[in-house]
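The values are calculated or read from the model by the stated rules, or taken from the named source; none is laboratory data. A quick note: this is a predicted structure, and the numbers were derived from the prediction, not measured. Neighbour counts run over all protein chains shown; Cβ positions are idealised from the backbone, glycine included.
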């Protein structure tokens with residue numbers, strides 16, 4: 001892949017060497033030519049068999065993040081989930097990896113039900129693959145905005161998951177965003193901020 005601006009030569013990816021051999025996530029060292037023509041290396045994590053800068057698989061997201069609005073309650077659905085790297089609970093949305101050959105819609109239905117016990121009733125918007133930490137990883141997610149129904153349940157959670165389901169009004173979302181003690185996912189923070197202002201998710 002090459003990128004170009006008006007004053008420098010193209011940046012060119014030469015290849016990638018796999019540094020770890022794990023099931024869900026691996027570390028690679030990417031070799032590339034920088035804008036001045038010097039050879040450099042960059043370490044990154046990926047869920048792919050090769051980094052996307054090498055295999056160019058940018059069109060399909062690795063995962064979905066589901067933004068659910070509970071129609072009957074008139075509330076935004078948020079998860080409070082324990083995250084090992086934080087040694088604490090993080091506020092965010094239901095999310096999960098897209099299985100091979102699986103449609104994004106099917107992933108969203110499955111993950112929403114498994115993590116919250118709620119049933120997806122209507123798709124409002126499906127976003128393109130986006131990046132949240134490109135200095136560390138090429139992982140992409142699609143934001144899927146939906147309406148849902150039912151009563152919350154964590155019976156479908158995996159053994160490693162510890163999740164609480166919350167229902168928020170716009171005022172509660174605003175208060176949550178203002179509380180510096182909370183650990184909030186970056187994507188969720190942006191959605192919560194917008195919801196606090198408009199009372200809508202799209």
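Which condition does residue 132 not pass, out of (1) at pLDDT below 95; (2) more than 20 Å from residue 25 (Cβ to Cβ), if it passes all the others?
Only one criterion in (1) at pLDDT below 95; (2) more than 20 Å from residue 25 (Cβ to Cβ) is unmet by residue 132, namely (2).
Listed residues 192, 182; which is surrounded by 15 or more Cβ atoms within 10 Å (Cβ to Cβ), in the same structural domain as residue 93 (by TED's automatic domain parsing) and within 25 Å of residue 113 (Cα to Cα)?
192
State the number of residues belonging to region 37-79 that are in contact with a strand residue (DSSP E or B) (Cβ under 8 Å, 6 or more places away or on another chain) and without any contact (Cβ under 8 Å) to a residue 60 or more places away in the chain.
Count: 7.
Among residues belonging to region 108-130 that are more than 16 Å from the chain's Cα centre (by Cα) and part of a loop (DSSP other than H, G, I, E, B), point out the one that is surrounded by the fewest Cβ atoms within 10 Å (Cβ to Cβ).
Across region 108-130, the extreme among qualifying residues is 117.
(1) within 19 Å of residue 71 (Cα to Cα); (2) surrounded by 13 or more Cβ atoms within 10 Å (Cβ to Cβ): which one isn't true of residue 200, the others all being true?
Of the numbered conditions (1) within 19 Å of residue 71 (Cα to Cα); (2) surrounded by 13 or more Cβ atoms within 10 Å (Cβ to Cβ), the odd one out for residue 200 is (2).
Considering only region 186-198, state which residues are within 20 Å of residue 123 (Cα to Cα) and in contact with a strand residue (DSSP E or B) (Cβ under 9 Å, 6 or more places away or on another chain).
Answer for region 186-198, where residues must be within 20 Å of residue 123 (Cα to Cα) and in contact with a strand residue (DSSP E or B) (Cβ under 9 Å, 6 or more places away or on another chain): 187, 188, 191, 192, 195.
Could you tell me which numbered condition residue 173 fails, if it satisfies all but one of (1) more than 19 Å from residue 194 (Cα to Cα); (2) touching a helix residue (DSSP H, G or I) at 6+ places or on another chain (Cβ under 7 Å); (3) not in a strand (DSSP E or B)?
Status for residue 173: all satisfied but (1).
Counting only residues that are surrounded by fewer than 18 Cβ atoms within 10 Å (Cβ to Cβ) and touching a residue at least 40 places away in the same chain (Cβ under 8 Å), how many does region 131-146 have?
Residues that pass the stated criteria total 2.
Within region 176-199, restricting attention to residues that are assigned to a loop (DSSP other than H, G, I, E, B) and touching a residue at least 24 places away in the same chain (Cβ under 8 Å), which residue is farthest from the chain's Cα centre (by Cα)?
So, considering only residues that are assigned to a loop (DSSP other than H, G, I, E, B) and touching a residue at least 24 places away in the same chain (Cβ under 8 Å), the one farthest from the chain's Cα centre (by Cα) is 199.
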